[in-house]
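The values are calculated or read from the model by the stated rules, or taken from the named source; none is laboratory data. Only a predicted model underlies this, so the values are computations on that prediction, with no experimental measurement involved. So basically every Cβ, Gly included, is an ideal-geometry build from the backbone, and we count neighbours across all protein chains shown.
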Amino acid sequence: MTQQSEELLTPDFLRKIEHLSLVAKRVFAGQMRGERRSTKRGASVEFADYRNYTAGDDFRRVDWNVYARLEKLFMKLFVEEEDLHVYILIDVSRSMEFGEPSKLLYAKQIAAALSYIGLCNLDRVGLAALAGPSISLLSPKRGKQAAFGVFDWLSNVQAAGETDLAACVRDFSLRTAQPGIVIVLSDFLSTTYQQALITLLSRKFEPVILHILDHNEVEPPLVGDLLLVDSETGERREVTITQTLLRKYQQRLANFFVEIESFSTRYGCSYVRVTNDAPFEDLILGYLRQRALLK
Amino acid sequence: MNFLSPLSLILFIPLGGAVVVLYLLKLRRKERVVSSTMLWQDAVADLQADAPFQKLKKSLLLLLQIVALALLVFAVARPYVRAKGISENRIVVILDSSASMQACDMKPSRFGWAKNKALEVVNKMGPRDSMLVMTASTKTRVVQSFTSDKKTLSSAISRLAPTDAPCNMRQALVLALSLVAGRSTAPPSLVIFSDGKFGSLSDLPVGGARLDFVKVGSDSDNVAITGLDSRKNLSGTQQVFIGLKNFSRRERGFNLEIYVNDKLYDIREESLTPGQIKQEMLEDLQGVGGRVTAKLDIDDQLAADNSGSVYLAKPRKIDVLLVSKGNVFIENALNLDPRTRLTRADAVPAGISKQDYDVVVFDRIAPPAKLPAGGYLLIGTSAAQGPAEVLGKASRPAVVDSDLHHPVTAYVDFSGIRLAEAEYLKPKPWGTALVEGERGPMVCAGSMGGRSFVQMSFDLLKSDFPLHVGFPIFIANCLDWLAPSGEGGGSEGARTGQPAYIDVPASCRKIAIIDPGGEKQSINVTQTPVVYSDTERAGVYHVMGKDFSREFACNLASPAESDTAPREVVSVGGRQLASRGKAVETNREMYWPLILLALAVLSFEWYAYHRRL
């Protein structure tokens, strides 16, 4: 494991999460045999259904016991187990650089952990860094050995530019044919996040929203006459921050949370909001399991 | 609410403008990079500004600063309200202490009531006020100079007592205005406690001083002796006139009691209708000398004018020494007066003294260089100690003018006199020219060092003056004026508040005067007659000296004071001052509360700024 990957996750922590697996609400069709139930019927040991025999079927799957009782040929169908596609989209806009630790580092750690969990479960894990209107894509990897590459790729991801979530997700969906779980790690400080999520839903992806915020964004330690500069756009705003103004900000933030949670509920998306002051290990081993995103 | 300095309100325009401009100017703010301003958009929508001058925003701090500034500018404009009590920087309280203030229509008296009101004013003084207390009767007295000590002021006011003298409010106001002039920029406040029994003072310039008049008194119920006088003629008959007036609104009946030397002489029953004036005359006083006292047996508001005294000279002989080589005219004129006891001498007798003769007449014979105290009539001669120096001779001078008001030349017509020759004189500073000729005075008179002189510069035998009707009158006038009035002399009683002239022997160097209240006062005699001015008590004053004792009386005899009806409005400095009644309203400055309020607002502004309300 490289030095850069060590910065993201420690070996001890990797051992702790090896037994975990990602939970998908829906069943997706995979590409290769794996450990996930597929929409296809296949050759696993788990019985799925019966169907009438038609000419040309494989005799080996005729249920002869039923034929003995009913004198009719029925084919036994078995559940196919295939691999699951897991995509992790990381918002790498400049706004993610904020916080201590930075939201981006926190997101990269989560991405690394989820990727490792996916790779350990023979899922196909692909990553994408959403920077600007385009994306930087790591094609889906499979198998535990691919973890090193994923970690290296994550380590090299740098914050840059302004994120247009809708454009990035549209680009991602066009370049990705196989549906699966899409875990979006972002602060969602973008006006186009709803459009982005709708794009994913329309392409049969299952979005999982991990909303990462800096605790200073939840409770800004700002006071006085300030000139606020937007880190992404450079937009400057003069404010005189008073108790009244802070109350207005809190109200606006609460409305923002309500809006994104309502959207998630309406479209059946999983939504998890975390702040970067929450211990990372507790998040993976505890909180995400409680929210049934991991098991 | 009014302002003492209303122009200061203009300051609010530039200062308020400056405060607003400071708000309009873009604030230099600390730069903070945040992840996104998206969440701040709603919150700062009404606060952002990109231009150098931003739009004026609703700001609690701006509002508080404007309010504080407005309060401070208001304070600088020195607002005041009319309020009960006094809150001026300089207050002068003038208490009328004239006789009418003794009227008892107010409890305990008008003066007592006024003192209580003045004490109320003292109690309502502000901490930075200072007060001066003065009384106004004939004399103006400053009883307490400017002080802020309420205890001292109260003590000074409590000690005050009214007098029996008339009121001279003009003098009091002039003194008060001169005392407060130029002490500070704030206009002084003068509060007059009076019944208004003083003349119009509308011509008195009062400048910016604020005047308050508090009427003291409610009604008039008084009967007074308004005049008391005596007269005698050459035959020695003496008459006493008593003037009475009813100032009340009802008919008053009373007894007029006449005392001569404290012995009841006569009682007359009187009845006066409202406003009625009556003159009573005592004519049968032949041979009576001494003090004649008139008293009204009546219960009215003012006691000081219910009695009065006048003195009648005892008829006595005037010892006259005529030093002349022969002059039948002067001899006959002197003998004509029944009071004279004439002695004639051809030359100046050795060692003439005052004890021997009351009047010495030098007719064309020069008197000795040093003359003792006494009266001297110089005819056609001069004396070194006389009232005039001889400048030169004039032939056939004509009389140009004569002083008809002087007792010596009163009732004497000099205009038709023809003179063969006369010397013209130059009066000394203490001498008075009585008859003026073409080239200068010809008759002079004067008193100095106990010696009284009448000096005629012409020889009677070289004129037709002895043939004129006025000649015996002139000689009688001279005897009256030159002869000491003697014990019980001075027929006219002095008025209260006016100086009394007391004749004392020339040898007397110190006298003691006991006033009607029993207070004794010692006076060193530096001149005769002695001028005594502490005559604010009506009644009899006793004068005592070495081998010498006499008395004189002071009477109120002032119709203005006896008319105790108070005036509602007085005229001072071109203003009509209506009485403030029982409450004195004055300017109460309000700047201290405004400054404190401004400080409170600024403190709240500071708190609001730091709490970011």
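Summary table
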{"read-out": "Any hit, segment A:250-268, residues being surrounded by 17 or more Cβ atoms within 10 Å (Cβ to Cβ), under 16 Å from the mean Cα position of the chain (by Cα) and closer than 22 Å to A:Gly118 by Cα", "value": "no"}
{"read-out": "Any pair with Cβ under 7 angstrom, 6 or more apart, that starts in segment A:137-165 at a residue that is in the same structural domain as A:Ala113 (by TED's automatic domain parsing) and ends at one that is assigned to a helix (DSSP H, G or I) and acidic (Asp, Glu)", "value": "A:Ser155/A:Glu7; A:Ala159/A:Glu97"}
{"read-out": "Verdict on B:Leu153 being part of a helix (DSSP H, G or I), buried (at least 23 other Cβ atoms within 10 Å of the Cβ) and touching a helix residue (DSSP H, G or I) at 6+ places or on another chain (Cβ under 6 Å)", "value": "yes"}
{"read-out": "Flag for B:Ala506 being in a loop (DSSP other than H, G, I, E, B), modelled with pLDDT of 80 or more and of a type in the set (A, V, I, L, M, F, W, C)", "value": "no"}
{"read-out": "Residue list for segment B:309-343, filter: without any contact (Cβ under 8 Å) to a residue 40 or more places away in the chain and within 41 Å of the chain's Cα centre (by Cα)", "value": "B:Lys317"}
{"read-out": "Within segment A:174-225, considering residues that are among the hydroxyl-bearing types (Ser, Thr, Tyr), touching a strand residue (DSSP E or B) at 6+ places or on another chain (Cβ under 9 Å) and not in a helix (DSSP H, G or I), the one nearest to the other protein chains (Cβ to nearest Cβ)", "value": "A:Ser190"}
{"read-out": "Any hit, segment A:212-233, residues being of a type in the set (D, E, K, R), modelled with pLDDT of 85 or more and under 21 Å from A:Leu114 (Cβ atoms)", "value": "yes"}
{"read-out": "Tally, over segment B:328-351, of residues that are closer than 12 Å to B:Ile365 by Cα and touching a Leu at 6+ places or on another chain (Cβ under 7 Å)", "value": "1"}
{"read-out": "Some residue of segment A:50-73 being in contact (Cβ under 8 Å) with a residue 24 or more places away in the chain and surrounded by 15 or more Cβ atoms within 10 Å (Cβ to Cβ)", "value": "no"}
{"read-out": "Residues satisfying the stated conditions in segment A:181-199, i.e. aliphatic (A, V, I, L, M) and farther than 23 Å from A:Lys108 by Cβ", "value": "A:Ile198"}
{"read-out": "Residue that is farthest from A:Val92 (Cα to Cα) [pool: residues in segment A:227-237 that are at the interface with another protein chain (Cβ under 7 Å from one of its Cβ atoms) and surrounded by fewer than 20 Cβ atoms within 10 Å (Cβ to Cβ)]", "value": "A:Leu227"}
{"read-out": "Given (1) free of Cβ contacts under 8 Å to residues at least 12 places away in the same chain; (2) under 21 Å from B:Leu461 (Cβ atoms), index of the condition B:Ala350 fails", "value": "(2)"}
{"read-out": "Residues of segment B:534-548 satisfying the condition of being under 24 Å from the mean Cα position of the chain (by Cα), part of a loop (DSSP other than H, G, I, E, B) and in contact (Cβ under 8 Å) with a residue 40 or more places away in the chain", "value": "B:Thr535, B:Glu536, B:Arg537, B:Ala538"}
{"read-out": "From B:Val143, B:Val133, residue being in contact with a helix residue (DSSP H, G or I) (Cβ under 6 Å, 6 or more places away or on another chain), free of Cβ contacts under 8 Å to residues at least 40 places away in the same chain, among the aliphatic types (A, V, I, L, M) and in the same structural domain as B:Leu179 (by TED's automatic domain parsing)", "value": "B:Val143"}
{"read-out": "Odd one out for A:Val272 among (1) facing chain B (nearest Cβ under 9 Å); (2) in a strand (DSSP E or B)", "value": "(1)"}
{"read-out": "Any chance A:Thr240 is over 21 Å from A:Ile90 (Cβ atoms), within 12 Å of chain B (Cβ to nearest Cβ) and part of a strand (DSSP E or B)", "value": "yes"}
